Amino acid sequence: MIPAYPYAPLNDPADFASRLAAAEDWTDAALESRQEGRWTPTETEYLILTDVVAATNPLHGGRLPPHTGASVYVRLGRIRNWAGVLRLAARAGSWELRPVVGTDPYALTRPLGAADLLSGVYALAEQGEQWQRLMLATVGDLNAAARERPSPRPRPQPLEEAIEERAPGFAKDLAAAERFFTGPGSLEDLPLAFP
């Protein structure tokens with residue numbers, strides 16, 4: 001049994017719920033703005049968003065989320081990669097990724113654009129980076145515990161189980177994040193908005 005560690009806040013259920021809601025709201029609002037003609041992407045926006053789609057291909061073989069057949073390393077990597085890609089995209093477009101959690105995209109008096117879309121997605125992608133730190137800390141602790149075991153060594157605790165023990169709700173939140181990024185009606189459909 002792994003004792004309590006200070007990493008649990010990296011999977012605060014309230015923080016995750018806020019991030020997911022913001023990501024959904026801002027993404028939906030930006031895509032709605034695009035579909036209704038209030039936002040016509042510039043050539044730069046179009047090219048950058050096309051590159052974002054190419055760089056974040058989840059390579060999941062068409063399986064629907066949650067991707068429980070893949071290792072937690074791969075599952076988190078798919079989400080975490082979005083954060084880096086979005087930061088690069090924002091730099092390429094000279095846009096600022098703004099915090100959107102707790103803000104209403106429909107309260108804006110200007111049309112939404114690429115920076116708003118990227119900021120919305122970033123709210124959840126950034127969670128992947130926090131989970132990555134949680135996972136690496138858990139791996140380090142499991143490895144340290146394994147070195148301390150006398151021989152013969154019992155089978156170590158599975159990583160996902162250890163993370164869930166440390167951060168209750170992790171498995172459910174990870175599955176919800178995967179549904180946002182992959183599968184029907186998710187960001188995988190982003191190319192349809194920018195043909």
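Laboratory data are not the source of any read-out in this text; all were calculated from the coordinates shown. This one's a predicted model, so the numbers in the text were calculated from it and none came from an experiment. For neighbour counting, all protein chains shown are included, and Cβ atoms are generated from backbone atoms with ideal geometry for every residue, glycine included.
Here is how the numbers come out for the structure above:
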{"read-out": "Sorted peptide list for 138-147, 160-169, criterion being average Cβ within 10 angstrom, highest first", "value": "160-169, 138-147"}
{"read-out": "For peptides 105-115, 77-87, sequence by mean Cβ density within 10 Å, most packed first", "value": "77-87, 105-115"}
{"read-out": "From phi via Karplus (6.51, -1.76, 1.60), per-residue ³J(HN,Hα) for segment 32-44 in Hz, x at Gly/Pro", "value": "5, 4, 5, 5, 8, x, 6, 10, 10, x, 5, 4, 4"}
{"read-out": "11 Å beta-carbon shell around E164, net charge (K/R +1, D/E -1)", "value": "-2"}
{"read-out": "Whole-number percent relative contact order across segment 43-142, with pairs defined as alpha carbons under 8 Å at least 6 apart", "value": "34 percent"}
{"read-out": "Vicinal HN-Hα couplings computed from phi for segment 90-105 (Karplus, 6.51 cos²θ - 1.76 cosθ + 1.60; Hz; Gly/Pro x)", "value": "5, 5, 4, x, 6, 9, 10, 7, 9, x, 10, 4, x, 10, 9, x"}
{"read-out": "Extension gain, F194 back to T109 (0.36 nm per residue minus Cα-Cα distance, nm)", "value": "28.3 nm"}
{"read-out": "From phi via Karplus (6.51, -1.76, 1.60), per-residue ³J(HN,Hα) for segment 123-131 in Hz, x at Gly/Pro", "value": "3, 8, 4, 4, 4, x, 5, 5, 5"}
